[in-house]
Amino acid sequence: MQTYVALLYSIILGEGRRVVMSDLKTMAEGLGLKNPRTLVATGNLVFEARAADITRLEQRLETAFEKTFGRHVVIIVRTAEDWLKLAAGNPFPTESAETGDQVAVRVMRKPAPMDGVAALQAYAAEDEKVASVDGDIWVVFSRERPSSRLLAAMNHKRMGIGTARNWNTVRRLAEMVGRISSRAVGQ
């Protein structure tokens with residue numbers, strides 16, 4: 001069995017409707033995924049399944065989500081190993097330790113174009129930073145400005161399909177999959 005992390009993009013269903021994480025777990029179980037767990041109510045799912053093609057797994061999850069909740073949502077899947085690599089590759093460890101909610105990564109389905117990432121610098125305020133690591137886009141957002149121009153500049157049209165998570169969420173997901181991986185090694 002392989003452990004996976006699935007990130008749902010924009011799980012808002014419309015006025016008065018929301019995705020309840022227990023319903024998301026039930027949906028995953030209906031697909032035959034084992035031991036599904038969620039983290040916070042923003043669409044983070046950890047589960048176990050036989051090793052599978054990531055693209056097919058994303059398609060299965062997206063189809064099941066639409067059937068269950070009545071709306072298409074992009075879902076990006078990473079293996080536990082890839083998630084741990086993503087977390088370890090955080091280019092802003094000092095900022096993450098100080099303000100984990102201001103550091104985020106846009107996890108990309110396909111690597112973000114390098115020229116597009118470089119162009120993001122023009123949208124960054126003086127106290128903001130941008131970096132690309134293995135095709136994902138890391139950002140340190142301003143503490144001084146409540147809205148950053150970077151967020152709008154990292155859209156799907158410019159960068160491709162991706163979804164953002166702050167460092168606190170990235171770290172907690174890494175802890176979840178790390179515990180699972182260490183249990184599997186100990187068996």
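We did not get these values from a lab; they are worked out from the coordinates using the rules stated. The structure displayed is predicted, hence computed values, not measured ones. Don't worry about glycine lacking a Cβ; one is built from the backbone with ideal geometry, like all the others, and counts go over all protein chains shown.
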#### Entry: Percentage relative contact order, segment 65-187, counting C-alpha pairs under 8 Å, at least six apart
32
### Message
Which of rounded, prolate or oblate describes segment 58-133 when judged by the alpha-carbon gyration tensor and an a/c cut-off of 1.5?
### Response
prolate
### Query
What distance in nm separates the simple spin-label points at residue 101 and residue 59, each placed 7 Å from Cα in the Cβ direction?
4.0
#### Entry: Using a Förster distance of 30 Å, the FRET efficiency for residue 179-residue 122 (Cβ separation, nearest 0.05)
0.15
### Linear extension gain, residue 164 paired with residue 31, 0.36 nm per residue minus alpha-carbon span
45.4 nm
### Which labelled figure in [x] 123; [y] 107; [z] 142 is volume of the Cα convex hull per residue in Å³, once derived from the coordinates
[x]
### Kirkwood Rh in Å, taken over all unlike Cα pairs in segment 1-83
12.6
### Summary
Taking placed amide H atoms and a strict 5 Å upper bound, the residues 5 or more places from residue 133 or on another chain that come that close are 138
### Task
Taking the Cβ of residue 114 as the centre, find all other residues whose Cβ is under 13 Å away and add up their charges (Lys, Arg: +1; Asp, Glu: -1).
-1
#### Entry: Among 140, 152, 27 the positive-end extreme of the charge dipole of the chain (Cβ point charges)
27
### Query
Dipole magnitude of the chain about its Cα centre, charges +1 at Lys/Arg Cβ and -1 at Asp/Glu Cβ only, in debye to the nearest 20?
520
